[in-house]
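Data first, discussion second: the structure below is written as structure tokens.
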Amino acid sequence: MILIIDFGSQTTHLIGRRLTDIGIAIHIATPEEAAKAVIDYKPKGIILSGGPSSVYEKGAPTLPKSFFNNQVPMLGICYGWQLMAHLLGGSVQASRKEYGPAHLEIEEAAPLFAEIDSYSTVWMSHGDSVVKVPQGFDVLGKTERVTFGAVVNHKRNMYGIQFHPEVDHTTFGSQILYNFVTRVCSLKTKKTSIDVDNIIEKIRMEVGNGNVICAVSGGVDSTVAAALIAKAIGKKFYPVYVESGLMRVGTAETVTALFKDKIGITPIIIDARKLFLSKLKGVTDSETKRRIIGELYIRVFENELKKLKGITHLAQGTIYSDVIESKGTKHAQKIKSHHNVGGLPEQMKLKLLEPLRHFYKDQVRLIGTAIGLPADVVGKQVFPGPGQAIRIMGEVTEKRLAQQQQADAIVIAEIKKAGLYDKVYMSFSIMTNAFSTAVKGDGRCFMEVVALRIIESRDVMTTNWARVPYDVLQSISSRIVNEVPDISRVVFDITTKPPATMEWE
């Protein structure tokens, strides 16, 4: 097995997912647990993850220098490589921050880079760099800005890389991890698949004699979670759709038809539009919005409990990217509070049931297909739990909500018309709360700017902006400024993740 030491990276769990995908057992431990984990698990290889800290700062997560005497092959990734260099006599300094794509040039084809092109795209996310390597380390590869992009100590079987091989946008990332496991650690792999029957059985055991109420939104995650629970406990399951007014127009009707026809259970529909808008009045901070929405959902469910008997669990379609962005591990940083994670009240009357908590979006789609959900449901583009509230910068008013929903509908309609809906991960508009001058009807106007976010991704941990044809962008822009009231212009967001998140709030 491979031991992964977690220094708080957003993608530590993704390293483990890549390894389990190729059939390697893994264990993830904190730096504080590392020494004991080596004794307990006797790993054949160790991977040091990335992390948000700087190795030279007081209180940064670290390891004893003796840890590197374990005689086990080791791969340091980003912070992990910097820590290795720092503790073994090298030097790490703050550098020009680098987020997103870079081009790796391999100078020596060591086992780690077998069957990999000499030039390839890698994904960066760092503010520090190794400026002096420890004694015994040789350079394997570099990028335009990082001299020690990949290094090796052949004698000690230690590797360090500044980029992230675990993310989907590193072209040969999976091959690099495969090479580390098979060529460096001499392990044999065995292909595995997701055991859907086991997920269903775990749900059945966890619920026992209880009943489950589930938040559904019509999105992929909550629909797949609901379908799994329905298969596990049948009529003891109560799906609830809260009409917050923040979803896309027509969502309530779509959810009702989907659950009745495909899952065999009629959902409970609760109209809470006035409640949500009233609670969001005057609120401009994005984290506050998320907390308010998360708590409102729970309170609405608790009120529904008075009409139902024997409810013991609240189910949600939480997936791993929600968890890690809400500070899911000890040394991670909080990026944003997802309403179904960071927005939950501290005191809850129900037990949480989250059958998809440790899966990524692409895995959720595979599970949905395996249990027979239709392709248009499984392939549906992502929509955030807090809805349009986090796509409206600043206060959510009735007018701005109507503007956002209309602009968003135009984006989806034009993307579908162009045949791009299934080829991109997300397509949506944002009310930016920025204003600019426009000329309409030969008169000067000062109106709000709408932004477009159209991105491609596989596992949500990294994204790239989609290269949408200019004529499609022109159609979207023209329709929004002509059809949506009081909009001056449309701009296109071409920022990758990292550094940007997928949503603006």
Screening 72, 131 for residues that are farther than 15 Å from residue 7 by Cα, crowded, with 16+ Cβ neighbours inside 10 Å and of a type in the set (A, V, I, L, M, F, W, C) leaves only 72
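Yes or no, residue by residue, for (1) touching a Leu at 6+ places or on another chain (Cβ under 9 Å); (2) not in a helix (DSSP H, G or I):
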residue	(1), (2)
356	yes, yes
389	yes, no
406	no, no
409	no, no
The lone exception for residue 201 - which of (1) touching a Gly at 6+ places or on another chain (Cβ under 6 Å); (2) within 29 Å of residue 20 (Cα to Cα); (3) not aliphatic (A, V, I, L, M) it fails: (1)
Residue 421 fails exactly one of (1) surrounded by 14 or more Cβ atoms within 10 Å (Cβ to Cβ); (2) modelled with pLDDT of 95 or more; (3) not in a loop (DSSP other than H, G, I, E, B), namely (3)
Based on what the data block shows, is residue 169 in contact (Cβ under 8 Å) with a residue 12 or more places away in the chain, under 28 Å from residue 21 (Cα atoms) and surrounded by 24 or more Cβ atoms within 10 Å (Cβ to Cβ)? no
Would you mind stating whether residue 413 is closer than 24 Å to residue 379 by Cβ, in contact with a Ser or Thr (Cβ under 9 Å, 6 or more places away or on another chain) and surrounded by 14 or more Cβ atoms within 10 Å (Cβ to Cβ)? no
Select, from 428, 435, 446, the only residue that is without any contact (Cβ under 8 Å) to a residue 60 or more places away in the chain, buried (at least 17 other Cβ atoms within 10 Å of the Cβ), among the aromatic types (Phe, Trp, Tyr) and assigned to a strand (DSSP E or B). 428
Tell me yes or no: at least one residue of the range 336-343 is in the same structural domain as residue 237 (by TED's automatic domain parsing), within 23 Å of residue 223 (Cα to Cα) and modelled with pLDDT of 80 or more. no
Checked 266, 251, 256, 318 against criteria (surrounded by 15 or more Cβ atoms within 10 Å (Cβ to Cβ), under 19 Å from residue 224 (Cβ atoms) and free of Cβ contacts under 8 Å to residues at least 24 places away in the same chain); the one match is 256
Being among the hydrophobic types (A, V, I, L, M, F, W, C), over 17 Å from residue 460 (Cα atoms), touching a residue at least 60 places away in the same chain (Cβ under 8 Å) and in a loop (DSSP other than H, G, I, E, B) is true for just one of 396, 382, 377. Which residue is that? 396
Of all the strands (runs of 3 or more DSSP E) wholly in the range 80-180, which have at least 3 residues that are closer than 22 Å to residue 500 by Cα and in contact with a strand residue (DSSP E or B) (Cβ under 6 Å, 6 or more places away or on another chain)? 91-106, 119-132
If you go through the range 149-165 one residue at a time, do you hit one that is surrounded by fewer than 19 Cβ atoms within 10 Å (Cβ to Cβ), farther than 24 Å from residue 42 by Cα and assigned by TED's automatic domain parsing to the domain that holds residue 106? no
Regarding residue 51, is this residue modelled with pLDDT under 95 and buried (at least 19 other Cβ atoms within 10 Å of the Cβ)? yes
Mind telling me which of the residues 44, 97 ends up being more than 25 Å from the chain's Cα centre (by Cα) and either of a type outside the set (Asp, Glu) or assigned by TED's automatic domain parsing to the domain that holds residue 146 (or both)? 44
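Per-residue answers, yes or no, for (1) assigned to a loop (DSSP other than H, G, I, E, B); (2) modelled with pLDDT of 55 or more; (3) surrounded by fewer than 18 Cβ atoms within 10 Å (Cβ to Cβ):
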residue: 322; (1), (2), (3): no, yes, no
residue: 329; (1), (2), (3): yes, no, no
residue: 345; (1), (2), (3): yes, no, yes
residue: 364; (1), (2), (3): no, yes, no
Taking the stated definitions as given, is residue 480 more than 25 Å from residue 123 (Cβ to Cβ) and buried (at least 19 other Cβ atoms within 10 Å of the Cβ)? yes
Among residues of the range 33-59, those that are in contact (Cβ under 8 Å) with a residue 60 or more places away in the chain and not in a loop (DSSP other than H, G, I, E, B), counted: 2
Exactly one of (1) buried (at least 21 other Cβ atoms within 10 Å of the Cβ); (2) under 21 Å from residue 147 (Cβ atoms); (3) of a type outside the set (S, T, N, Q) is unmet by residue 18. Its number? (2)
Within the range 243-262, count every residue that is among the hydrophobic types (A, V, I, L, M, F, W, C) and farther than 19 Å from residue 304 by Cβ. 3
Complete set of residues in the range 166-191 that are touching a Lys or Arg at 6+ places or on another chain (Cβ under 8 Å) and either at pLDDT below 95 or within 24 Å of residue 13 (Cβ to Cβ) (or both): 166, 168, 173, 174, 177, 182, 185, 187
Out of (1) modelled with pLDDT of 95 or more; (2) surrounded by fewer than 17 Cβ atoms within 10 Å (Cβ to Cβ), what's the single condition that is false for residue 108? (1)
Counted residues, the range 1-24 - those being in contact with a Pro (Cβ under 9 Å, 6 or more places away or on another chain) and farther than 22 Å from residue 67 by Cα: 2
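The values are calculated or read from the model by the stated rules, or taken from the named source; none is laboratory data. Since we're looking at a predicted model, the values are computed, not measured. Positions of Cβ are backbone-derived with ideal geometry, glycine not excepted, and every protein chain shown enters the neighbour counts.
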